[in-house]
Amino acid sequence: MSELKVYTPGEVKEVLKLLHDKEKVRILAGGTDLLLELIKLKREGCVLIDLSRIEGLEYIEKKDEELEIGSLVTFTDIHDNPVINKYAPALAAASGQVGSVQIRNRATIGGNIAHASPAADSLPVLLAAGARIKVLNAAGAETVLVEEFLHNKDKYRNHLITAILIPVKGDNMIDFFGKVAYRRDVATARINMGVRTVYQPENGKIIKASIFLGALSKTGVRADLVEEYLTGKRVDELERERFFAALRETVDKSIPGRYSQPYKRRAICGLGDDFLQELQREGSYE
Amino acid sequence: MKINFILNDEEKTVDIQPDTRLVDLLRERFNLLSVKEGCGQGECGACTVIIDGKAVTSCLILVSQIEGSIIWTVEGLEKSGELEIFKKYFKKHGAVQCGYCTPGMVMSARALLNKNKHPDREEIRKAIAGNLCRCTGYNNIIDAITAIAEEGGFGV
Ligand code: FES
Ligand code: FES
């Protein structure tokens with residue numbers, strides 16, 4: 001089998017040049033997704049750009065109303081970081097559910113977005129929070145919504161993700177991450193859900209809800225019916241059955257006729273239930 | 001490609017194909033046969049080693065990624081004398097049957113003790129959740145690690 005060409009640039013500008021000059025290039029960050037395809041990569045004669053010698057992409061900073069996370073930060077570091085736990089708790093929670101300890105110690109947030117496996121646990125929370133990413137290529141820098149990036153992956157193929165920008169969770173917001181899998185630990189999500197809701201502090205009315213479901217299609221699915229149902233209501237006005245019906249309908253619309261549809265339309269209600277309890281704990285007004 | 005790293009407290013330089021997996025480097029070049037390959041997919045943890053203080057699966061790492069790293073395997077713990085306590089309690093609690101998972105379990109437990117000197121059972125369970133064992137049912141392993149943590153005495 002032909003061997004892989006592996007480059008180990010020490011600077012970002014060398015990475016950009018390689019991305020520009022080479023064919024069939026793949027970026028190697030933590031490697032926990034990419035190296036699953038090692039045999040295929042070799043067979044196809046791919047070129048790897050190993051980022052392990054790039055410095056300066058492993059920071060976590062709060063800047064005004066946004067958290068900025070370097071793309072090479074691992075899920076262990078995200079899960080353990082107090083600033084992220086405070087300002088993006090759903091991301092911290094989701095990061096703690098990615099794979100095993102060994103995987104979380106290597107897998108990076110940038111890699112998770114770039115690889116964007118349908119069941120990636122960080123994606124629904126990033127989508128729900130309206131996160132953006134900074135990408136670079138030989139032509140320059142750009143900041144793009146994660147949602148837009150995921151829908152235009154071809155356009156960004158020869159770009160390097162350098163940072164993730166997440167609007168911080170305000171006091172009048174409730175964030176949620178939930179996941180259903182076959183096993184308690186170390187399992188690929190069968191379905192997962194990221195939510196950010198904004199409510200009016202005076203009366204507890206939900207004024208905005210962003211809900212994304214993962215593991216349903218190639219990219220996260222916006223649960224627009226559920227968002228519509230929640231918006232404008234106080235938590236104590238929510239009717240479980242109608243809320244669940246909207247969740248089920250979202251699943252039905254996304255994977256009509258798929259063998260997993262009956263399972264997933266039930267599983268989603270379990271997650272919905274957890275989320276409702278969270279809302280009631282955090283957002284109830286007497 | 002030339003790669004420099006510290007393996008079990010010794011400086012090493014190898015000249016090797018950069019697309020070699022770490023598990024293959026350790027087993028084939030250094031004859032460190034405690035490092036097992038089970039799945040080759042990051043699922044079973046049999047190939048777990050410690051890099052820069054953290055447990056990682058060596059089947060999902062290329063040697064190009066380890067430049068400058070500090071790597072420990074069970075053979076290193078044997079050399080430093082630390083392995084004794086793992087042997088003692090794994091034996092006492094019946095935590096070894098076929099033994100295929102054991103080196104990986106030991107390295108995951110050792111990495112946990114770097115971070116958390118007094119883990120409870122739940123924390124131990126989480127720390128070894130990426131290590132599959134077909135034989136013991138895990139409880140004996142958790143008992144052994146609990147006893148090891150209680151005896152303590154690990155440096156970082
Ligand atoms: S062989 Fe590496 S995790 Fe199974
Ligand atoms: S003792 Fe046999 S796999 Fe664990």
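The values are calculated or read from the model by the stated rules, or taken from the named source; none is laboratory data. Keep in mind that what you see is a predicted model, and the values were worked out from it rather than measured. A quick note on method: Cβ atoms are made from the backbone with ideal geometry, for glycine too, and the neighbour counts reach across all protein chains shown. In case anyone asks, the SASA skips ligands and DNA or RNA and just uses the protein heavy atoms, side chains included. Shrake-Rupley method; radii C 1.70, N 1.55, O 1.52, S 1.80 Å.
Some values worked out for this structure:
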{"item": "Exercise: per-residue mean of other protein chain Cβ atoms within 10 Å, B:48-58", "result": "4"}
{"item": "The protein assembly as shown, accessible area per residue, ligands and nucleic acids excluded (1.4 Å, Å²)", "result": "45"}
{"item": "On Cα atoms only, tilt of A:261-283 relative to the major axis of chain A in degrees", "result": "70"}
{"item": "Area projected by the alpha carbon convex hull of segment A:1-85, averaged over all directions, nm²", "result": "6.7"}
{"item": "FRET efficiency for A:Asp21 and A:Glu68, using Cβ-Cβ distance with R0 set to 25 Å, rounded to 0.05", "result": "0.30"}
{"item": "HN-Hα J in Hz across segment A:101-117 - Karplus 6.51, -1.76, 1.60, θ = phi - 60°, x for Gly and Pro", "result": "3, 4, 5, 4, 5, 10, 5, 10, 5, x, x, 4, 6, 5, 6, 6, 5"}
{"item": "23 Å tail of the calculated P(r), chain B, as % of Cα pairs", "result": "32"}
{"item": "For A:Arg234, residues with placed amide H under 5 Å, excluding near neighbours", "result": "A:Ile206"}
{"item": "Protein accessible surface hidden between A and B, which excludes ligands and nucleic acids, total in Å², probe 1.4 Å", "result": "2400"}
{"item": "Among A:Gly214, A:Gly30, A:Gly170: highest mean-square fluctuation, GNM of chain A, C-alpha pairs under 10 Å", "result": "A:Gly170"}
{"item": "Percent carbon-and-sulfur accessible area, segment B:2-76, ignoring ligands, DNA and RNA, probe 1.4 Å", "result": "43"}
{"item": "A:Arg258 long-range amide H proximity, modeled H, under 5 Å", "result": "none"}
{"item": "Surface share of carbon and sulfur [accessible, 1.4 angstrom probe, percent] for chain A", "result": "47"}
{"item": "Computed over segment B:1-83, Cα set: Rg, Dmax in Å", "result": "11.7, 33"}
{"item": "Point-to-point label distance, A:Arg258-B:Asn139, nm (Cα→Cβ direction, 7 Å offset)", "result": "3.8"}
{"item": "Of A:Ala245, A:Val198, A:Ala181, farthest towards positive along the dipole that unit charges on Lys, Arg, Asp, Glu beta carbons give segment A:173-282", "result": "A:Ala181"}
{"item": "Residue mean of other protein chain beta carbons inside 10 Å, A:31-42", "result": "4"}
{"item": "GNM top mover of A:Arg222, A:Arg196, A:Arg26 - chain A, alpha-carbon springs below 10 Å", "result": "A:Arg26"}
{"item": "Stokes-Einstein translational diffusion, segment B:77-152 - Kirkwood Rh over all Cα pairs, 1.567 mPa s, 4 °C, in µm²/s", "result": "107"}
{"item": "Distant alpha-carbon pairs in chain A (separation over 22 angstrom), percent", "result": "58"}
{"item": "Whole-number D in µm² s⁻¹ for segment A:177-275, Kirkwood Cα-pair radius fed into Stokes-Einstein, 10 °C, 1.306 mPa s", "result": "114"}
{"item": "Degrees, to the nearest 10: A:240-254 long Cα axis against longest axis of chain A", "result": "30"}
{"item": "Segments A:225-237, B:19-31 sorted - mean Cβ within 10 Å per residue, highest first", "result": "B:19-31, A:225-237"}
{"item": "Averaged over A:92-105, number of beta-carbon atoms from partner chains that fall within 10 Å", "result": "6"}
{"item": "Segment A:93-240: mean projected area of Cα convex hull, nm²", "result": "10.0"}
{"item": "Debye, to nearest 20: dipole size of the protein assembly as shown, +1 on Lys, Arg Cβ, -1 on Asp, Glu Cβ", "result": "1180"}
{"item": "Under 5 Å, built H, 5+ apart or other chain: amide partners of A:Arg106", "result": "none"}
{"item": "23 Å Cα-Cα threshold exceeded, pairs from A:Lys179/B:Lys126; A:Lys13/A:Lys63; A:Lys24/A:Lys153; A:Lys86/B:Lys115", "result": "A:Lys13/A:Lys63"}
{"item": "Residue with peak Gaussian network fluctuation, chain A [Cα springs, cutoff 10 Å], from A:Pro167, A:Pro256, A:Pro89", "result": "A:Pro256"}
